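The values are calculated or read from the model by the stated rules, or taken from the named source; none is laboratory data. Predicted model, so just to flag it, every value in this text is computed and none were measured. Positions of Cβ are backbone-derived with ideal geometry, glycine not excepted, and every protein chain shown enters the neighbour counts.
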Amino acid sequence: MKKQILVFGIVAGLAFACGGGEKATETVTETAAPEAAAPAPEISLEDKYKDDPIYIKGVEKVKGSDCMTCHMVDRKIIGPSYAEVAAKYENTEENVNMLAQKVIAGGAGVWGEVMMSPHPALSEEDAKDMVRYILLLKK
């Protein structure tokens, strides 16, 4: 009988040491961290204005001209970027007329000392279409 008690004591001791005894349990509930919303994909100008007749006419006329020699949409080269022009001027018919005349006549002073070449062969209507396109680029 002493052997049985000894064996029982060893088994009970091992069971307790290995976690067989009663112990308080903690319930841990993990909450998922809210996922950061992915930034909305940037929409290209072509996608944004693909059905806009002002954009379509204007971009065709700009691409068919020498304007891209000195101007880009988002980056200054020699003259201001189209985005800078759009940011400076409200899209009003008065500004469209004034800017179209500047495109045709050329000039300097508004954006620095570098002169914009005149474009006397450009019709007033074509110049207005180009300016309307540029003013659409306001962010």
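Could you look through segment 51-76, keep only residues that are assigned to a loop (DSSP other than H, G, I, E, B) and out of contact with any helix residue (DSSP H, G or I) (no Cβ under 8 Å at 6 or more places or on another chain), and pick out the one that is nearest to PRO120 (Cα to Cα)?
Our first condition is that a residue be assigned to a loop (DSSP other than H, G, I, E, B); within segment 51-76, this holds for 51-52, 64-66, 70, 72-75.
Cutting the leftovers down to out of contact with any helix residue (DSSP H, G or I) (no Cβ under 8 Å at 6 or more places or on another chain) gives us 51, 64, 66, 70, 75.
Details: ASP51: 30, GLY64: 15, ASP66: 13, CYS70: 17, ARG75: 26 Å.
Of everything passing the filter in segment 51-76, ASP66 is nearest to PRO120 (Cα to Cα).
In segment 117-134, is there at least one residue being surrounded by 16 or more Cβ atoms within 10 Å (Cβ to Cβ) and either modelled with pLDDT under 95 or of a type in the set (S, T, N, Q) (or both)? Break it down into steps so the answer makes sense when it comes.
Quick first cut of segment 117-134, residues surrounded by 16 or more Cβ atoms within 10 Å (Cβ to Cβ) only: 119, 122, 126-134.
Next cut, either modelled with pLDDT under 95 or of a type in the set (S, T, N, Q) (or both) only: none.
Taking every residue of segment 117-134 in turn, none turns out to be surrounded by 16 or more Cβ atoms within 10 Å (Cβ to Cβ) and either modelled with pLDDT under 95 or of a type in the set (S, T, N, Q) (or both).
Step by step: first the residues of segment 82-116, then only those that are surrounded by 14 or more Cβ atoms within 10 Å (Cβ to Cβ) and hydroxyl-bearing (Ser, Thr, Tyr), then the one that is farthest from CYS70 (Cα to Cα). Which residue is that?
Step by step, filter segment 82-116, then rank; the result is TYR89.
What are the residues in segment 25-80 that are among the charged types (D, E, K, R) and modelled with pLDDT under 75, if any?
Scanning segment 25-80 gives GLU26, GLU30, GLU35, GLU46.
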